[in-house]
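Below is one structure, written out as structure tokens; the observations come after it.
Every read-out reported here was derived from the displayed coordinates using simple, explicitly stated rules and does not represent laboratory data. Everything numeric here is computed off the predicted structure, so don't read it as measured data. No Cβ is skipped: glycine too gets one built from the backbone with ideal geometry, and neighbour counts run over all protein chains shown.
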Amino acid sequence: MSQTVFRVGIGVSDITPPLEVGFLTSSVNGTYAPFESVRAPLKVRVIALEAGTDLVVLVSLDLLGLNGDAVYGWERFKAASCGAVPAQRVIITCTHTHSAPESLALSDLYASEPYKRWLADLEGTIGKTISASILSLEEVSTIELTTSTLDGFSLQRRIVSPDGVTMSDSMQPVAPDLFEKGPIDRRIRVLRFLSDGRHAVASIIHAVCHPVHEMLSPHVSPDFPGELCAMWESNPANGFPMFLNGAAGNVNPPTVSCGEAYAVKHAQAIMQKVTAGSNVWGGAITGLYQLSESLSFSKRPGLDLADADVTVVINMLRIGEMALVFLPGEPFVETALRIEQHSPFEHTVVIGYSECSVGYIPTGSAFAEGGYEVGPGKWSYLEADAEARIFGAAVAMLNRLHEKEVDVVTGV
């Protein structure tokens, strides 16, 4: 790949809803309740990446997630949200904070008029923020990846016993030996885009954990990802922050629904680790390539769901010699680790909660064990072979992305 001019643009806007656009109180029962106050605002954060004539826009929303029902058609939503940028050039992700609107159609909130008005505002705000990011494009010359490990703030939440699967948060206080249970990924990885003067224009922060410190709180909050971004941008030298959650479908913090102080403590701990993180890779940016693929799945029979079929969209982005893999829904941490192990790239970062949500993506062994993530229900409806198919498709795509230069738009 020949070196070309690489530019990065940034944008951020408030997407905090009116209080009556409520939060999820039970996915199983399909219930929600209105918020009582705003503890901290929700944001949309945008990083635009441009190499020559190629453009890819990353959008991160402080939301639980988004799916086709909740946005009245995913293609419609993206077309309405992307402004002048073609929808296929935009990759939307959610941080998965549980103190945000119930935007996965797990309840009937999405049919309410306050929600519909907020959704229309959200579409317009995303579009304006994308436009602002493109107007702010500036040249960067170097990319840098650092990594650190944060212990004590995440664990494998599925505790399997002969009696079935128990969620770790119900076993309080969490016993020390449960922190040793795998699989788990406690890495904090930061991808920085640097100008010639070594100024950080933008930073992508990647960690793997459910943001549920404030779950079931009636106060709007971005939880630890939002707290982290606020701390990060308090120092201009850090560059503009974007948080991308990993494959956290079965990873929780030890403190669930324990409140603001725990979210803040989690963010502070990440900041401290990132400051001490080691540089594992860096160099000149030599290209930008995107690859997308759609897989068709059938929903499990017997579920009372509107559509029988669902489309899983996998996006990949190659920046120089590293790869970002964007998976929809809630993949398990072991899926991401396996994708990394089979990737031809030296550095591969797997992101969950991307694009149109398809619910949990349990592994085959999880189906045998049972538990909440397996469902069935609106939160988990893919068939048992879905994870294996998604894993196989992701590895094949990574090999294609590694072997040849692919067009940023068509992926061929």
So if each residue of separation counts as 0.36 nm, and I subtract the Cα-Cα distance between Gln172 and Thr275, what length gain in nm does that give? 34.0 nm
Please count, across the chain, the pairs of lysine residues with Cα atoms under 25 Å apart that sit 8 or more places apart or on different chains. 15
What value in Å³ per residue do you get for the convex hull of the alpha-carbon atoms in the chain? 127 Å³
Over all Cα pairs of the range 121-222, how is the pair count split among 10 Å bins, expressed in % and running from 0 up to the last occupied bin? 11, 25, 28, 21, 12, 2
Can you give the net charge of the other residues whose Cβ lies under 15 Å from the Cβ of His213, counting K and R as +1 and D and E as -1? -3
Given unit charges at Cβ for Lys, Arg (+) and Asp, Glu (-), the dipole magnitude of the chain about its Cα centre in debye, nearest 20, is 500 debye
Could you tell me the relative contact order of the range 167-317? Use alpha-carbon pairs under 8 Å, at least six residues apart, and round to a whole percent. 21 percent
Going 7 Å from the Cα of Leu135 in the Cα-to-Cβ direction, what parts of the range 76-105 have a backbone nitrogen less than 17 Å from that spot? 82-85
Student exercise, the range 104-174 dipole from Lys, Arg, Asp, Glu Cβ charges, in Debye to nearest 20: 200 debye
From the residues Leu63, Gly52, Ser380, which one has its Cα farthest along the dipole of the chain in the positive direction, the dipole being from +1 and -1 charges on Cβ of Lys/Arg and Asp/Glu about the Cα centre? Gly52
Net charge over other residues, Cβ less than 10 angstrom from the Cβ of Asn315 (K, R count +1; D, E count -1): -2
Positive dipole terminus of the chain, leading residue within Gly22, Pro328, Ser292 (C-beta point charges): Ser292
Sort 211-224, 174-187 by packing, meaning the average of other beta carbons within 10 Å per residue, with the highest value first. 211-224, 174-187
Charge-dipole axis of the range 6-403 as Lys and Arg at +1 and Asp and Glu at -1 on Cβ define it, positive-most pick from Thr149, Tyr360, Ser107: Thr149
Where both partners of a DSSP beta bridge lie in the chain, what percent of those bridges are antiparallel, to the nearest 5? 75 percent
Compute a Gaussian network model of the chain, connecting alpha carbons closer than 10 Å, and tell me which residue from Cys356, Cys209, Cys258 fluctuates the most. Cys258
Dipole size in debye (nearest 20) for the range 7-101 around its Cα centre, Lys and Arg Cβ +1, Asp and Glu Cβ -1? 200 debye
Proximal charge balance of Lys128 [Cβ under 14 Å; K/R count +1, D/E count -1]: -1
Distribution of pairwise C-alpha distances over the range 323-412, 10 Å bins, in %: 17, 46, 28, 9, 1
Once Thr286 and Arg400 are pulled to full extension, the length gained, defined as 0.36 nm per residue separation minus their Cα-Cα distance, is 39.3 nm
In 5 Å bins starting at 0, how do the alpha-carbon pair distances of the range 225-358 split up by percent? 2, 8, 12, 17, 19, 17, 11, 7, 4, 2, 0
Normalised by the number of residues in the chain, what is the relative contact order in percent for Cα pairs under 8 Å and 6+ residues apart? 18 percent
